Every structure is written in structure tokens, then in C-alpha cells.
Amino acid sequence: MGNEYIKKLIEILYQIEIWRGVCDKYADYNKGIIDLMDIFIKHRDRKNQLFFIGNGGSSAIAIHMTADYMKNGGMNTHSLYDNAVITCLGNDYGYEYIFSRSIDVLAKEGDLLVAISSSGNSGNIINAVKAAQEKQVEVITFTGFKANNAVKQMGDMNIYVPCMEYGIVESIHNLVLQQVVDMIVENDKK
């Protein structure tokens with residue numbers, strides 16, 4: 001079982017899709033990853049804010065990357081996972097607005113939102129992306145499951161994992177985000 005799982009994970013890794021918008025799919029993974037890295041570096045150099053969001057396992061990835069992109073990437077990251085804030089917003093506005101309300105208040109034009117959602121159909125992620133777009137915040141999405149999921153259709157750059165299994169999708173999202181920040185560190189050494 002263990003070996004088969006790793007084989008499947010590796011097989012799916014080779015099927016990752018990177019899209020600029022919804023019409024321009026990268027033929028070359030490396031080119032897509034370099035462009036993704038350049039987006040993060042552009043926002044760092046402009047001192048824009050960077051927000052990562054997700055639910056469940058994706059929230060753990062978002063929290064982890066908030067720390068890594070600040071500490072290792074030198075970026076102006078902000079966590080939207082303060083318990084008091086999430087429970088306040090969830091209670092007062094509904095769970096589907098826990099991220100969009102924060103984006104409404106905190107984000108500024110030119111900032112960057114990274115939306116992580118295995119299904120790509122979580123209401124609170126969709127609402128946050130819409131709020132970001134209204135403020136002219138650039139959006140990068142990480143999704144999986146069905147290719148026509150809502151979030152994948154909304155980003156300026158979209159990373160899609162063609163798999164219906166949470167564990168594999170989340171592992172690959174984490175791996176790609178880790179790869180990008182590690183590439184930024186290496187790039188900074190040049």
C-alpha cells in the first residue's frame with residue numbers, strides 16, 4: 001500500500017497544471033514555476049501584503065506558508081487565522097465570510113492572495129477571491145478535484161492538481177509552495 005501511494009503521488013506530480021488565467025495553460029512546468037516565483041518576488045519587492053487562506057488541511061498549509069514566506073522569503077505575510085477574529089467573523093457574518101471580511105478591511109490594491117482549496121468550491125474561499133478581485137488584489141489559486149471547480153476559474157495564476165484525493169492534493173499544494181519559497185531563497189543568494 002505505502003509504495004503504491006508514493007507511486008500515485010509521483011504520477012500525479014507529473015500531471016500538475018499551471019495556468020495563467022483560465023485560457024493560457026503552461027506547456028512546461030518549469031516555466032510556470034519560474035513565473036510563479038517571479039510573482040512572489042514582484043510583490044515582495046513592492047512591499048505588498050501577502051495573504052494565504054484555506055480550510056482544514058489547506059489552512060495548515062496556509063499557516064505554514066505564511067511563516068515560511070515571511071521568514072525565508074522576506075515577504076510581508078499576514079495570517080488570517082487568529083481564533084478570536086475567525087470566530088467573531090463567523091458568528092457575526094457567517095463562516096462563508098471569514099476571509100472576505102478580513103480581505104475587505106486589510107487588503108490594498110496590488111496585494112497578493114493565495115487561495116488554497118482542494119475542491120475549489122468552498123464558499124468562504126470563493127468569497128475571499130471575489131473580495132480580492134474587487135480591491136484589485138492579484139490572486140493565485142491552488143486547487144484539485146474537478147478541473148472546472150469555481151476557484152480555478154478565478155485566479156490570475158492557477159495551480160491545479162488533477163486528483164480527487166485530499167491527501168495527495170494537499171501534499172502537492174504544500175510541495176509546490178515549498179518549492180517556490182526555496183527557489184526564492186536560492187535566487188536571493190545569486
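From LYS130, LYS108, grab the single residue that is surrounded by fewer than 20 Cβ atoms within 10 Å (Cβ to Cβ), assigned to a loop (DSSP other than H, G, I, E, B), among the basic types (Lys, Arg) and touching a residue at least 12 places away in the same chain (Cβ under 8 Å). From the options LYS130, LYS108, the qualifying one is LYS108.
Residues that are more than 19 Å from the chain's Cα centre (by Cα) and hydrophobic (A, V, I, L, M, F, W, C) within segment 4-22 comprise ILE6, LEU9, ILE10, listed in sequence order. Within segment 158-170, the set of residues being surrounded by fewer than 19 Cβ atoms within 10 Å (Cβ to Cβ) and either part of a helix (DSSP H, G or I) or aliphatic (A, V, I, L, M) (or both) comprises MET164, TYR166, GLY167.
Inspection of segment 134-141 finds a residue satisfying the criterion of being in contact (Cβ under 8 Å) with a residue 60 or more places away in the chain, outside any helix (DSSP H, G or I), touching a strand residue (DSSP E or B) at 6+ places or on another chain (Cβ under 7 Å) and within 17 Å of TYR29 (Cβ to Cβ). For GLY2, indicate whether it is modelled with pLDDT under 95, surrounded by fewer than 15 Cβ atoms within 10 Å (Cβ to Cβ), out of contact with any Pro (no Cβ under 6 Å at 6 or more places or on another chain) and not aliphatic (A, V, I, L, M). When the stated conditions are applied, GLY2 passes them. Can you spot a residue in segment 78-85 that is among the polar types (S, T, N, Q), in contact (Cβ under 8 Å) with a residue 12 or more places away in the chain and surrounded by fewer than 20 Cβ atoms within 10 Å (Cβ to Cβ)? Within segment 78-85, one or more residues are among the polar types (S, T, N, Q), in contact (Cβ under 8 Å) with a residue 12 or more places away in the chain and surrounded by fewer than 20 Cβ atoms within 10 Å (Cβ to Cβ). Is it the case that some residue within segment 92-103 is exposed (fewer than 15 other Cβ atoms within 10 Å of the Cβ), among the β-branched types (Val, Ile, Thr), more than 14 Å from the chain's Cα centre (by Cα) and assigned to a helix (DSSP H, G or I)? No: segment 92-103 contains no residue that is exposed (fewer than 15 other Cβ atoms within 10 Å of the Cβ), among the β-branched types (Val, Ile, Thr), more than 14 Å from the chain's Cα centre (by Cα) and assigned to a helix (DSSP H, G or I).
In segment 40-59, the residues that are on the phi < 0 side of the Ramachandran plot reach residues that are among the aromatic types (Phe, Trp, Tyr) with C-beta atoms within less than 7 angstrom, at least six apart or across chains, in these pairs: LEU50/TYR69; ILE53/PHE99; GLY57/TYR166; SER59/TYR81. Residue-level check: of (1) farther than 15 Å from TYR69 by Cα; (2) surrounded by 21 or more Cβ atoms within 10 Å (Cβ to Cβ); (3) in contact with a Phe, Trp or Tyr (Cβ under 8 Å, 6 or more places away or on another chain), MET154 misses just (3).
Regarding segment 6-26, can at least one residue be identified that is more than 25 Å from LYS146 (Cα to Cα) and surrounded by fewer than 20 Cβ atoms within 10 Å (Cβ to Cβ)? Within segment 6-26, none of the residues are more than 25 Å from LYS146 (Cα to Cα) and surrounded by fewer than 20 Cβ atoms within 10 Å (Cβ to Cβ).
Restricting the first member to segment 145-168 and to residues that are touching a residue at least 60 places away in the same chain (Cβ under 8 Å), and the second to residues that are assigned to a helix (DSSP H, G or I) and exposed (fewer than 15 other Cβ atoms within 10 Å of the Cβ), the beta-carbon pairs closer than 8 Å and six or more apart or on different chains are MET157/ASP35; ILE168/LYS8.
The values are calculated or read from the model by the stated rules, or taken from the named source; none is laboratory data. Model, not experiment: these values are computed from the prediction. Because the Cβ atoms are built from the backbone with ideal geometry, glycine has one as well, and the counts that use them run over all protein chains shown.
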